[in-house]
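Q: A single structure is presented below for examination.
Derivation of every value follows stated rules applied to the coordinates shown; laboratory data play no part. All of these numbers come straight from a predicted model, not from anything done at the bench. When we count neighbours, we look across all protein chains shown, and the Cβ atoms used for this are built from the backbone with ideal geometry, even at glycine.
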Amino acid sequence: MKPVGVELRRIAMPLVSPFRTSFGTQTTRDILLVRIETADGEGYGECVTMTDPVYSPEYTDGAIDVLRRFLVPALLGPPELDPRAVAPALVAFKGHRMAKAALETAVLDAWLRARALSFGEWLGATADRVPAGVSVGIMDSVPELLDAVEGYLADGYLRIKLKIEPGWDVEPVRAVRERFGDDVLLQVDANTAYTVADAQHLARLDEFGLLLIEQPLDEEDIRGHAQLARLVRTPICLDESIVSARAAADAIALGACSIVNIKPGRVGGYLEARRIHDVCAAHGVPVWCGGMLESGLGRAANVALAALPGFTLPGDTSASGRYYMTDITEPFVLQDGHLLVPQGPGIGVSPVPERLAEVTVSTEWIGR
Ligand code: OSB
Ligand code: MG
């Protein structure tokens with residue numbers, strides 16, 4: 001596959017409602033789309049960086065800079081493109097996994113389209129639909145939260161994840177359990193908001209039968225998570241800490257987690273994501289697919305990944321409508337609490353040109 005060039009397109013998608021986490025509130029999603037053009041057709045990858053470096057060290061202006069100056073020129077140098085050669089071609093540049101993931105995904109999409117193979121088929125998907133969970137932001141009051149959860153359950157979501165932080169943890173969880181019962185699959189995500197000194201407080205969540213607590217401590221505090229895992233009964237799941245298959249193997253070996261959230265962007269792409277799936281499966285560690293408020297392009301690839309056999313828990317793979325009134329692709333809609341795995345070539349969905357034009361903020365072309 002001969003490379004022609006790469007287009008970086010920044011789009012701004014308004015959210016249907018503000019999304020608040022322990023690291024801030026978002027009202028618009030600032031998304032970078034990477035499109036590669038080759039002699040055999042094009043491919044898309046969605047970069048999951050946020051505007052500010054508050055979830056991970058990466059941020060969108062930084063991703064654009066590293067792509068423009070280092071990653072795209074390194075990728076476009078050799079005369080032939082192969083998805084398995086992307087990570088090795090970029091390995092000299094440290095970090096920037098989200099930027100690398102977007103580029104690798106674009107190459108993979110183009111390569112699979114040229115071969116009429118779907119993402120799911122190529123990754124090894126064993127399901128044709130995946131159960132959908134939803135991530136529910138921090139709210140101003142418990143009644144407001146209960147209304148939101150009621151709406152998502154009415155939509156058919158099969159698992160609820162509550163964002164928590166100090167001051168918004170035991171009470172909202174208790175209220176959701178009291179109102180909706182013990183059968184609702186329920187979990188929480190702290191996005192690093194606690195320290196190991198909060199162990200006794202976090203143990204108060206044990207009585208609510210949560211599936212897991214996600215990333216309670218700092219991303220580098222692996223030993224703290226291992227300590228915490230001995231002090232609480234709720235299973236610990238890691239998100240921010242798991243930046244690679246090696247990091248997953250280490251965390252599991254050290255007893256820092258018993259469940260892993262896999263986000264392809266955070267780990268450098270779908271190939272590394274699949275390696276994490278394999279490492280976890282070898283250890284009997286369940287995985288689920290996280291999200292970064294993706295548009296339909298990123299969502300399509302995530303849904304295909306979530307159809308691998310080790311993804312035994314519902315992911316944050318929600319319908320398009322959970323975040324966006326109008327998606328840039330055909331919307332993903334819930335069917336009986338599930339999303340269908342796209343079957344078409346590559347990621348299986350394409351942007352609607354008029355819709356894409358409406359949300360575009362800027363574009364930049366990097367030729368060979
Ligand atoms: O920690 O999982 C997270 C969104 C942005 C950044 C980090 C996280 C999240 C979510 C929402 O929880 C996931 C989604 O619905 O896409
Ligand atoms: Mg998380």
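Q: GluC sites (Glu not before Pro), restricted to the stretch 211-290: which are DSSP loop and have at most 11 other Cβ atoms within 10 Å? Can you show the working numbers first?
A: Details: sites: Glu214, Glu219, Glu220, Glu240, Glu272; in loops: Glu219, Glu220, Glu240.
Answer by residue number: Glu220.
Q: Restricting to Cα atoms and excluding each atom paired with itself, what does the Kirkwood estimate give for the stretch 163-305 in Å? Let's see the in-between values first.
A: Values: mean 1/r = 0.0643 Å⁻¹.
Result for the stretch 163-305 stands at 15.5 Å.
Q: Also, I was wondering about something else. In Å, the Kirkwood hydrodynamic radius of the stretch 229-368 over pairs of distinct alpha carbons?
A: Values: mean 1/r = 0.0610 Å⁻¹.
Hydrodynamic radius (Kirkwood, Cα pairs) of the stretch 229-368 is 16.4 Å.
Q: Using Cβ counts within 10 Å as a stand-in for footprinting exposure, how do Val91, Val142, Val72 rank, fewest first? Don't skip to the answer; put the middle values down first.
A: On the way: Val91 11, Val142 15, Val72 24.
With the sparsest Cβ surroundings first, the list reads Val91, Val142, Val72.
Q: Classify the stretch 276-336 as rounded, prolate or oblate, taking a ≥ b ≥ c as the square roots of the eigenvalues of its Cα gyration tensor: rounded when a/c is under 1.5, otherwise prolate if a/b is larger than b/c and oblate if not.
A: Working: a/c = 2.87, a/b = 2.45, b/c = 1.17.
Cα axes put the stretch 276-336 in the prolate bin.
Q: To continue, here is another question. Below 14 angstrom from the Cβ of Leu339, what's the summed charge of the other residues (Lys, Arg +1; Asp, Glu -1)? Write down the numbers at each step before the final one.
A: Working: positive: Arg129, Arg159, Arg299, Arg322; negative: Asp128, Asp155, Glu294, Asp316, Asp327, Glu330, Asp336.
Taking every other residue near Leu339 into account, the sum is -3.
Q: I need the Debye-formula profile for the stretch 196-251: one equal scatterer per C-alpha, no solvent, reported as log10 I(q)/I(0) at q = 0.18, 0.23, 0.29, 0.30 1/Å, two decimals.
A: -0.56, -0.87, -1.23, -1.28
Q: Which whole-angstrom value gives the distance between the alpha carbon centres of the stretch 109-180 and the stretch 18-89?
A: One Cα centre to the other: 24 Å.
Q: Enumerate by residue number the trypsin sites (Lys or Arg not before Pro) in the stretch 229-288 meeting two conditions: DSSP loop (anything except H, G, I, E, B), and at most 14 other Cβ atoms within 10 Å of the site's Cβ. Before the final figure, lay out each step's value.
A: Working: sites: Arg230, Arg233, Arg246, Arg266, Arg274, Arg275; in loops: Arg233.
In loop regions of the stretch 229-288 (DSSP not H, G, I, E or B), the sparsely surrounded trypsin sites (Lys or Arg not before Pro) are Arg233.
Q: Further question on the same structure: Counting residues in the stretch 232-292 as N, plug N into 2.2 N^0.38 Å and put the Cα Rg over that result.
A: Working: Rg = 10.4 Å, N = 61, 2.2 N^0.38 = 10.5 Å.
Cα Rg divided by the expected 2.2 N^0.38 Å: 0.99.
Q: So what's the back-of-envelope 222 nm ellipticity for the chain, counting only DSSP H runs of four-plus at -39500 (n - 2.57) apiece and dividing by all residues, rounded to 500? Walk me through the intermediate numbers first.
A: Numbers: 14 runs with 125 residues, N = 368.
That calculation yields -9500 deg cm²/dmol at 222 nm.
Q: Normalised by the number of residues in the chain, what is the relative contact order in percent for Cα pairs under 8 Å and 6+ residues apart?
A: Numbers: 826 pairs, mean separation 82.0, N = 368.
So the answer I get is 22 percent.
Q: Neighbour counts of other C-beta atoms within 10 Å: give me Lys94, Lys163, Lys100 arranged from fewest to most. Intermediate values should be presented prior to the final figure.
A: On the way: Lys94 6, Lys163 24, Lys100 28.
Ascending number of Cβ neighbours within 10 Å: Lys94, Lys163, Lys100.
Q: Let me ask something additional. Rounded to whole Å and sorted largest first, what semi-axes of the equivalent ellipsoid does the C-alpha gyration tensor of the stretch 1-104 yield via the square root of 5 times each eigenvalue?
A: Numbers: eigenvalues 154, 47, 18 Å².
Gyration-tensor ellipsoid for the stretch 1-104: 28, 15, 10 Å.
Q: Over all alpha-carbon pairs in the stretch 291-368, figure out the percentage whose distance exceeds 18 Å. Don't skip to the answer; put the middle values down first.
A: Numbers: 1355 of 3003 pairs.
Roughly 45 percent, once rounded to a whole number.
Q: Quick one: how many lysine pairs in the chain have C-alpha atoms under 22 angstrom apart, if they're 8 or more apart or on different chains? All intermediate terms of the calculation are to be shown ahead of the outcome.
A: Details: Lys2/Lys100; Lys94/Lys263; Lys100/Lys263; Lys161/Lys263; Lys163/Lys263.
Lysine pairs, 8 or more places apart or on different chains, close enough: 5.
Q: Under 37 °C and 0.692 mPa s, how fast does the stretch 221-265 diffuse according to Stokes-Einstein, given a Kirkwood radius computed over C-alpha pairs? Answer in µm²/s, whole number. Please list the in-between numbers first.
A: Numbers: Rh = 10.4 Å.
Estimated diffusion coefficient is 315 µm²/s.
Q: Moving to a separate point now. With each label point set 7 Å from Cα along the Cα-Cβ vector, what nm distance links Ala12 and Arg230?
A: Spacing of the two 7 Å Cα→Cβ label points: 5.1 nm.
Q: Do any GluC sites (Glu not before Pro) in the stretch 1-75 lie in a DSSP loop with no more than 11 other beta carbon atoms within 10 Å, and if so, which? Walk me through the numbers on the way to the answer.
A: Details: sites: Glu7, Glu37, Glu42, Glu46, Glu58; in loops: Glu58.
Answer by residue number: there is no such site.
Q: In percent, how large is the relative contact order of the stretch 148-202, given Cα pairs closer than 8 Å and 6 or more residues apart?
A: RCO, the stretch 148-202: 45 percent.
Q: Sort Asp239, Asp221 so the one with the fewest other Cβ atoms within 10 Å of its own Cβ comes first.
A: On the way: Asp239 22, Asp221 19.
Fewest to most other Cβ atoms nearby, the residues stand as Asp221, Asp239.
Q: Oh, and also: Of the candidates Ala226, Ala132, Ala99, which one comes out as most mobile in a Gaussian network treatment of the chain with C-alpha springs shorter than 10 Å?
A: Maximum among the listed residues: Ala226.
Q: So what's the convex hull volume per residue for the Cα atoms of the chain, in Å³?
A: Numbers: hull volume 44.1 nm³, N = 368.
Once divided by residue count, the hull of the chain is 120 Å³.
Q: Under the definition of Cα pairs under 8 Å and six or more residues apart, what whole-number percent is the relative contact order of the stretch 203-270?
A: In percent, rounded to a whole number, it is 33.
Q: Round to the nearest 10 and give me the degree value, 0 to 90, for the angle of helix 97-114's Cα axis relative to the longest principal axis of the chain.
A: Approximately 60 degrees, to the nearest 10.
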